[in-house]
1. Would you mind checking which residues have amide H under 5 Å from residue 98's amide H? H placed 1.01 Å from N; only 5 or more apart, or other chain.
2. Expressed as a whole percentage, what fraction of the accessible surface of the stretch 60-117 belongs to carbon and sulfur atoms when a 1.4 Å probe is rolled over the protein heavy atoms?
3. Relative contact order for the stretch 69-173: what percent, with Cα pairs under 8 Å and sequence separation of 6 or more?
4. All other residues with a Cβ under 11 Å from the Cβ of residue 130 taken together, and with Lys, Arg as +1 and Asp, Glu as -1, what is their net charge?
5. Describe numerically, in nm with one decimal, the distance between label points set 7 Å from Cα along Cα→Cβ at residue 153 and at residue 134.
6. Work through the residues other than residue 97 whose Cβ is under 13 Å from its Cβ and net out their charges, Lys, Arg +1 and Asp, Glu -1.
7. Please turn the phi angles of the stretch 65-76 into ³J(HN,Hα) values with the Karplus equation 6.51 cos²θ - 1.76 cosθ + 1.60 (θ = phi - 60°), one per residue in order, whole Hz, x for glycine and proline.
Amino acid sequence: PHDYPSGTPENFREDKKEKKKKQRVVGVLLIDHGSRNKASNDRLEEMARLYQGFSTKSNKNNDDDIVLVEAAHMEIASPSIPDGLISLIDQGVDEIVCHPYFLSAKGRHVSEDIPEILDDAISSLNITLPIVTTEPVGSSTDIMLGAIESLVKTNLKVLRRSESNEANQEQSKRIGF
């Protein structure tokens, strides 16, 4: 009567283990330069909030990693990079992906300063979980070209509407309206 009189086959047990795979909690730390201008710093906070919502929506089946997003500034403003790391760790992340929110992939901040700040923080805070740093957003040429194209087209529409409105106003003046 029992389908497996000698016990369940080994591959059956492995399949069950695969299905019960624990979701990992990934921390994403968006890093910018930091500014004395509050609006500039607020923009990074807004990007972190938007990315948090985006990553949650893209995981609607709950079969991917859980993503928690924080913002941090390299200098000048708070929270600092170490503060951002601590916040993510306090939220129980299993690993952290740092993303430099910079346009230049070859600049000193991305290639030297941020790695140095991260190394110092990892050492001084005794962080043992895995941390990796992505290339900066500006290093993705296709994304940057798409963004430039979108902004140019949007502004051309505004310019042309403005020119059209001015031409209509000029014509109205000539007619006597």
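The values are calculated or read from the model by the stated rules, or taken from the named source; none is laboratory data. This structure is a prediction, so every number in the text was calculated from the model and none was measured. Backbone-built Cβ (ideal geometry, glycine too); neighbour counts: all protein chains shown. Ligands, DNA and RNA are stripped out before the accessible areas are found, and what is left, the full protein with its side chains, is counted by its heavy atoms. Shrake-Rupley method; radii C 1.70, N 1.55, O 1.52, S 1.80 Å.
1. The list, which skips near neighbours in sequence, is 29, 132, 133, 134.
2. Numbers: 1480 of 3120 Å².
Carbon with sulfur: 47 percent of the solvent-accessible area.
3. Numbers: 78 pairs, mean separation 26.8, N = 105.
The value is 26 percent.
4. On the way: positive: 24; negative: 94, 95.
Charge balance near residue 130 sits at -1.
5. Inter-label distance under the simple model: 2.3 nm.
6. Details: positive: 24; negative: 65, 70, 94, 95, 135.
Taking every other residue near residue 97 into account, the sum is -4.
7. 5, 7, 10, 10, 10, 10, 10, 8, 10, 5, 7, 6
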